[in-house]
Amino acid sequence: MSLPITPEIVVEITFLSTEEGGRQGQILGGEYRGILGVGNEHFSVRFFVPLEGSTLGSVQRFGVQFLVPQAALPHFPVGASFSVWEGKVIGHGKVLEVLRNA
């Protein structure tokens, strides 16, 4: 059983299409656990994907919770760009809002 997700930031993510080097299939609805990268720094996160899933190539908004927010939040101010990592870059995003400071 998963614990509720309490987001620290709100982001906009574009998942790459398969042709662009992204995933082979969409991200299914429910809790997603992944890695966001800024420069050479990478941070474990989780966020909730709507039940209809995430369509590759589309832009979607998510509330993101970090595994270690004290380490991650200084790297994710409003406007920061980041990558979504699953063994390779599968998407890119931007921070829209910070809900909790480190």
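The values are calculated or read from the model by the stated rules, or taken from the named source; none is laboratory data. Note that this is a predicted model, so its numbers are computed, not measured. Note that each Cβ is placed from the backbone with ideal geometry, even for glycine, and that neighbours are counted across all protein chains shown.
Can you pull out the residues in the range 2-28 that are within 13 Å of F82 (Cα to Cα) and either out of contact with any Phe, Trp or Tyr (no Cβ under 8 Å at 6 or more places or on another chain) or surrounded by fewer than 16 Cβ atoms within 10 Å (Cβ to Cβ) (or both)?
Initial filter on the range 2-28 (within 13 Å of F82 (Cα to Cα)): 9-15.
Result: E12, T14, F15.
Looking at the range 72-98, I want the residues that are without any contact (Cβ under 8 Å) to a residue 24 or more places away in the chain and have a partner that is crowded, with 20+ Cβ neighbours inside 10 Å and aliphatic (A, V, I, L, M) with Cβ atoms under 7 Å, at least 6 apart or on another chain. Which pairs are those?
These pairs meet every condition: P77/V95; V78/V95; G79/V95.
Tell me which of these V49 doesn't satisfy, since it passes every other one: (1) of a type in the set (A, V, I, L, M); (2) in contact (Cβ under 8 Å) with a residue 24 or more places away in the chain; (3) out of contact with any helix residue (DSSP H, G or I) (no Cβ under 8 Å at 6 or more places or on another chain).
(2)
Grab the strands (runs of 3 or more DSSP E) fully contained in the chain, keeping just those with 1 or more residues being out of contact with any Asp or Glu (no Cβ under 9 Å at 6 or more places or on another chain). Break it down into steps so the answer makes sense when it comes.
Values: elements: 9-15, 30-38, 41-49, 59-66, 81-85, 89-98.
In the chain, 9-15, 30-38, 41-49, 81-85, 89-98 are the strands (runs of 3 or more DSSP E) which contain 1 or more residues that are out of contact with any Asp or Glu (no Cβ under 9 Å at 6 or more places or on another chain).
Yes/no matrix, rows are residues, columns are (1) over 12 Å from V10 (Cα atoms); (2) loosely packed, with under 15 Cβ neighbours inside 10 Å; (3) modelled with pLDDT of 90 or more:
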{"site": "G30", "(1), (2), (3)": "yes, yes, no"}
{"site": "L36", "(1), (2), (3)": "yes, no, yes"}
{"site": "H42", "(1), (2), (3)": "yes, no, yes"}
{"site": "L56", "(1), (2), (3)": "yes, no, no"}
{"site": "V68", "(1), (2), (3)": "yes, yes, yes"}
{"site": "P74", "(1), (2), (3)": "yes, yes, yes"}
{"site": "A102", "(1), (2), (3)": "yes, yes, no"}
